[in-house]
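The values are calculated or read from the model by the stated rules, or taken from the named source; none is laboratory data. This one's a predicted model, so the numbers in the text were calculated from it and none came from an experiment. Counting neighbours? That spans all protein chains shown, and the Cβs are built from the backbone with ideal geometry, glycine included. The accessibility values were calculated without ligands, DNA or RNA, using every heavy atom of the protein model including side chains. Shrake-Rupley method; radii C 1.70, N 1.55, O 1.52, S 1.80 Å.
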Amino acid sequence: GPDQHRGWFNSSLIVAMATRGRAPYRAVLTHGWIVDAQGRAMHRSVGNVISPLEVIEERGADILRLWTAANDLTRDGRFSWDAVDQITEAYRKIRNTFRFLLGNLSDFGPDEDALPASELRAFDRWALATLERVATEVREAYERYEFHVAYQILVNYCTVELSSVYLDGLKVRLYIQPADSPERRGAQTVLHAALDTLVRLMAPLLPFTAEEVWDAMRGRTDGDGIHLEEFAS
């Protein structure tokens, strides 16, 4: 329980400072209880324990990781299947965003087809600026161990600023303009940047999904995976 592990960290800190003059660890992150929907601690005697393995078998490991990340670690995490359903819906939106980006980049090679920023439309440059802001905010949230903030920023970006605004406004350029036209290639330049950044930002939260996207994005299933790449800059 919190009293035990926080007490252990505190006692080890006191002993190390007294004997070595420094903390025995570089950082410590503690969290609250995982409780049921009524806020009761999970105990076998009460019969309200839900095994993580049950969630993994029912929904998948990435759903469980995403639910964990969505919780504010400074508070008790209330587990319920309704909450898992909400996370599953958020995951579906994220995965559909990845599918849309991958589907519209099937004929795009970043080395030969990407346009410089000076040749992009104002709408495209806005999208890149928004992407840079989101990446900065997510990295800062990770550095503060505020995984729930990173989750909220990423879900909001995928569903609103990217999907509902930018992607919705690209359909004519993607589907009607000639394949090699500057209008279409400019849009694909931004889509590739968004995909490359998103998959790196999502990797700590959705490791299996991110690996699948990375393989599909690179068109291979061998070599180094996403988790050996540099983080989004």
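Taking the chain as a Gaussian network of alpha-carbon nodes connected by springs under 10 Å, the highest mean-square fluctuation of the residues 157, 166, 25 belongs to 25. Subtracting the Cα-Cα distance of residue 112 and residue 11 from 0.36 nm times their residue separation leaves 30.5 nm of extension gain.
Between residue 176 and residue 19, residue separation times 0.36 nm minus the direct Cα-Cα distance comes to 49.4 nm. Derived value for the chain: Kirkwood hydrodynamic radius 20.2 Å. Basis is the mean of 1/r over every pair of different alpha-carbon atoms.
A crude spin-label estimate for the pair residue 122 and residue 136, with each label 7 Å from Cα along the Cβ direction, gives 2.2 nm. Taking trypsin sites (Lys or Arg not before Pro) across segment 17-86, the ones in a DSSP loop with at most 10 further Cβ atoms lying within 10 angstrom of their Cβ are 20, 22, 26, 44. Charge dipole (Cα centre; +1 on Lys/Arg Cβ, -1 on Asp/Glu Cβ; no other charges) of the chain amounts to roughly 760 debye. Computed over the chain, relative contact order equals 20 percent, with contacts defined as Cα pairs under 8 Å that lie 6+ residues apart. For residue 78, the amide hydrogen comes within under 5 Å of the amide hydrogens of 35, counting only partners 5 or more places away or on other chains and with H modelled in the peptide plane.
Computed as a quarter of the hull surface, the mean projected area of the alpha carbon convex hull for segment 149-233 stands at 6.3 nm².
Choose one answer from 89, 58, 212: the residue with the largest mean-square fluctuation in a GNM of the chain with alpha-carbon springs under 10 Å. So, out of 89, 58, 212, the one fluctuating most is 58.
Average accessible surface for the chain: 57 Å² per residue, computed with a 1.4 Å probe over protein heavy atoms with every protein chain in place.
Compute and list, largest first, the equivalent-ellipsoid semi-axes of segment 1-112 from the alpha carbon gyration tensor, each √(5λ) rounded to a whole angstrom. All intermediate terms of the calculation are to be shown ahead of the outcome.
Values: eigenvalues 276, 130, 20 Å².
For segment 1-112, the ellipsoid semi-axes come out as 37, 26, 10 Å.
Per-residue 3J(HN,Hα) values for segment 139-146, derived from phi via the Karplus relation 6.51 cos²θ - 1.76 cosθ + 1.60 with θ = phi - 60°, read 4, 5, 5, 4, 5, 8, 6, 8 Hz in sequence order (x marks Gly and Pro). Using a probe radius of 1.4 angstrom, the carbon and sulfur fraction of the accessible surface of segment 95-233 is 51%.
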